[in-house]
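See below for the structure under consideration.
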Amino acid sequence: MSTTTADPGAVRPPAALDVSSTPKVPFGRLASVELRKMLDTRAGFWLLVVSGLLLVAITGIVMAVVLANDLGISANGWVQVMTVPLSLLLPIFAITSVTAEWSQRTGLVSFTLEPHRLKIIGAKLAAVVLLVVATMVLAVALGALANLLYGALSGDDVVWNVDASQFFWTVANQLLYFLMAFGLAMLILSTPATIAIYYVVSLLLPFMVYSVVVVLVSWGADVIPWVDLGYAMAPLVGGGATGPGGVGLEVTGTTYAQVAVATLIWVVLPMVLGGRRVARAEIK
Amino acid sequence: MIRVENLTKSYGGFTAVDDVSFTAEAGRVTGFLGPNGAGKTTTMRVMTGLTPPTRGSVTIGGHRYADLPNPGRHVGVLLDASAQHAGRTGREVLALGARTMGLPTSRVDEMLALVSLDERESKRRIKNYSLGMRQRLGIAHALLGDPSVLILDEPANGLDPAGIRWMRGLLKSYADRGGAVLLSSHLLHEVEQIADEMILIGRGRIVAQGNKAELLAGQGALGTLVQAADNELLARALVGAGHEVAPAGAGLRVSAEPVVVGQAALAAQVALVDLRAAEGRGLEDLFLELTADTQREAPAATTVQGGTR
């Protein structure tokens, strides 16, 4: 027993708690608990399984299409392909990690075991980043395998052409979308609402609206990259290839400014405002 | 051990907790009693740092809750047994708690055994748990870190009679070993039998506190219930001696002690059938009366006369 009440001889137990010998909950332990909480529910399990299946399915489809049409694909191509299934469903982990504390009301327990809420948020963030990195490593490994397999099946030379800068931006892009999901989750604190808004902003708007605006409206190509992460980062991630909507893809100083502004809008702002909300909100 | 001082929590114009002060001592079970919406849960949420107070403070063993390092090792908290992820198993919930607090996994099995959740039940998902099972799991979670203070909100909710008796024994022995227990309830009978000390709250204010005897003593002299072979004759003799007499059931209620009434009967040569001190109104009447203006239903029995409960 870590407290002063263990003395059986005491007639009147002391009214003060001696906490001097109790260490605080270390951050690493909190992060490992948060990682486990992401994966230990049925929803978490199936999310991982489906993402894994998507990864394999897309590898298979791309392989078939490339072989059938004799298009040729390199390691770089595979990495680009592999990140797609990872960015489809996995951001839900980042969202529910935060919102479940409210939707499932587990916050009553989590925030009484560690009353410093931002420490828990930090632990969740660490768990999310770990998840992104782990899945990217998996994707790269799978991409390498697919590349070898492609070489064997097509008889072409295997091309290992992953560009360091391009790869860095691919990972950064992935990470920023997860952080955006995380920030929106803190701001909204509701699972269904956050998921809906996240997919509207990250998928629906870029593909259904911005792609049209960029082509049809004269100022579209100038404005959209400032307000959408995907368009802002397309020149860096695509490395000169074609981006969404076929916008100009040269990397200039403006590109970095656009990435910074879009990041400010969709990552920094939700994180700061959401963090404030979590720190102050009443846990019911 | 738990000290609440001038605690006030208001939401806009509504004051949920209004200048509440009390203590819950180590080695005792303190019952926190009040009708639904009286402010019990809000007070407990402030205690555990989940809700910021508008004014006032709460300390546990001299510390603010947020200043407790690894609070699960010092304070066991159960605020709502249903506030658990429906998709997790009972065992997993305890395992997460044990890991956060830095306890060995063997602690999980100990706690499961303590609250009588068997192997099969512990591997079921919480959405398939009855409220009673969730309550047991919640109590197991609160006790996980071997804390010296327990804060339990409506822990008996959903437990069957055997479960309530079990919990009573558990908390009693916990307090006997020196722990401080604060438990809330809206059911008087639950608390009456276990609490050493009771705090009655209604509409955010404390309306009475003390142990059972103290609470009842505040109700004034209670008189005597007497039944004689000839009530009328005895009544005349008692009124003649200056006592107030009122009919009560088959006998009389007299504003005097039993010995005085006995002597009067002896003098008047009336045979007595029944003579005893009136127990007066029970705790329940007191509780209903004190919290009357916060009740949704007007209690029917706030001014009981010849109650012989």
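The values are calculated or read from the model by the stated rules, or taken from the named source; none is laboratory data. What you are looking at is a predicted structure, and each value in this text was computed from that prediction instead of being measured. Virtual Cβ from ideal backbone geometry, glycine too; neighbours counted across all protein chains shown.
Considered as a group, the residues in segment A:159-187 that are touching a residue at least 40 places away in the same chain (Cβ under 8 Å) and over 17 Å from the mean Cα position of the chain (by Cα) include one that is farthest from A:VAL272 (Cα to Cα), and that residue is A:VAL159.
The residues of segment B:248-277 that are closer than 14 Å to B:GLY223 by Cα and free of Cβ contacts under 8 Å to residues at least 40 places away in the same chain, listed by number, are B:GLY251, B:LEU252, B:VAL254, B:SER255, B:ALA256, B:GLU257, B:PRO258, B:VAL259, B:VAL260, B:VAL261, B:GLY262. When each of B:GLY251, B:GLY204, B:GLY262, B:GLY210 is tested for being touching an Asp or Glu at 6+ places or on another chain (Cβ under 8 Å), over 30 Å from B:ALA24 (Cα atoms) and more than 14 Å from chain A (Cβ to nearest Cβ), the lone residue that passes is B:GLY251. Among the helices (runs of 4 or more DSSP H) confined to segment A:192-243, the ones with at least 3 residues that are farther than 25 Å from A:ASP163 by Cα are located at A:211-216, A:220-227. Does segment B:194-252 hold any residues that are part of a loop (DSSP other than H, G, I, E, B), of a type outside the set (Asp, Glu) and closer than 30 Å to B:LYS9 by Cα, and which are they? Once the filter is applied, which keeps residues that are part of a loop (DSSP other than H, G, I, E, B), of a type outside the set (Asp, Glu) and closer than 30 Å to B:LYS9 by Cα, segment B:194-252 yields B:ILE194, B:ALA195, B:ARG203, B:GLY204, B:ASN211, B:GLY218.
Per-residue answers, yes or no, for (1) more than 13 Å from chain B (Cβ to nearest Cβ); (2) of a type outside the set (A, V, I, L, M, F, W, C); (3) part of a helix (DSSP H, G or I); (4) more than 17 Å from the chain's Cα centre (by Cα):
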site	(1), (2), (3), (4)
A:THR83	yes, yes, yes, no
A:LEU86	yes, no, yes, no
A:THR96	no, yes, yes, no
A:THR99	no, yes, yes, no
A:LEU108	no, no, yes, yes
A:THR112	no, yes, yes, yes
A:LYS119	no, yes, yes, yes
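Residues that are outside any helix (DSSP H, G or I) and of a type in the set (Ser, Thr, Tyr) were ranked within segment B:154-191; the one that is farthest from the other protein chains (Cβ to nearest Cβ) is B:SER185.
Scan segment B:154-180 for residues that are of a type in the set (Gly, Ala, Ser) and in contact with a strand residue (DSSP E or B) (Cβ under 8 Å, 6 or more places away or on another chain) and the total you get is 4.
Conditions (1) assigned to a helix (DSSP H, G or I); (2) modelled with pLDDT under 95; (3) of a type in the set (Gly, Ala, Ser); (4) surrounded by fewer than 19 Cβ atoms within 10 Å (Cβ to Cβ), marked per residue:
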position	(1), (2), (3), (4)
B:THR30	no, no, no, no
B:ALA38	no, yes, yes, no
B:MET44	yes, no, no, no
B:PRO52	no, yes, no, yes
B:GLY56	no, no, yes, yes
B:GLY76	no, no, yes, no
B:ALA81	no, yes, yes, no
B:GLN84	no, yes, no, no
B:GLY87	no, yes, yes, yes
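When the criteria are applied in full, A:GLY151 fails the requirement of being modelled with pLDDT under 90 and either on the phi > 0 side of the Ramachandran plot or aliphatic (A, V, I, L, M) (or both). Keeping to segment A:121-132, report how many residues are within 14 Å of chain B (Cβ to nearest Cβ), small (Gly, Ala, Ser) and under 12 Å from the mean Cα position of the chain (by Cα). Number of matching residues: 1.
In segment B:13-61, of all residues being without any contact (Cβ under 8 Å) to a residue 24 or more places away in the chain and away from chain A (no Cβ under 13 Å), the one that is farthest from B:HIS189 (Cα to Cα) corresponds to B:GLY13.
One residue stands out in segment B:97-132 among those that are in contact with a strand residue (DSSP E or B) (Cβ under 8 Å, 6 or more places away or on another chain) and in a helix (DSSP H, G or I): the one that is farthest from the other protein chains (Cβ to nearest Cβ), namely B:SER122. Residues in segment B:62-85 that are closer than 20 Å to B:LEU183 by Cα, more than 7 Å from chain A (Cβ to nearest Cβ) and out of contact with any strand residue (DSSP E or B) (no Cβ under 7 Å at 6 or more places or on another chain): B:ARG64, B:ALA81, B:SER82. In segment B:186-222, the residue that is modelled with the lowest pLDDT out of those that are of a type outside the set (Gly, Ala, Ser) and closer than 27 Å to B:PRO258 by Cα is B:GLN219. Tell me the residue from A:ALA141, A:ALA64 that is more than 28 Å from A:LEU35 (Cβ to Cβ), more than 14 Å from chain B (Cβ to nearest Cβ) and of a type in the set (A, V, I, L, M, F, W, C), please. None of the others qualify; the one that does is A:ALA64.
Residue-wise test of (1) crowded, with 21+ Cβ neighbours inside 10 Å; (2) small (Gly, Ala, Ser); (3) touching a Ser or Thr at 6+ places or on another chain (Cβ under 9 Å); (4) free of Cβ contacts under 8 Å to residues at least 60 places away in the same chain.
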site	(1), (2), (3), (4)
A:PHE45	no, no, no, yes
A:SER51	no, yes, yes, no
A:LEU54	no, no, no, yes
A:VAL66	no, no, yes, no
A:LEU71	no, no, no, yes
A:TRP78	yes, no, yes, no
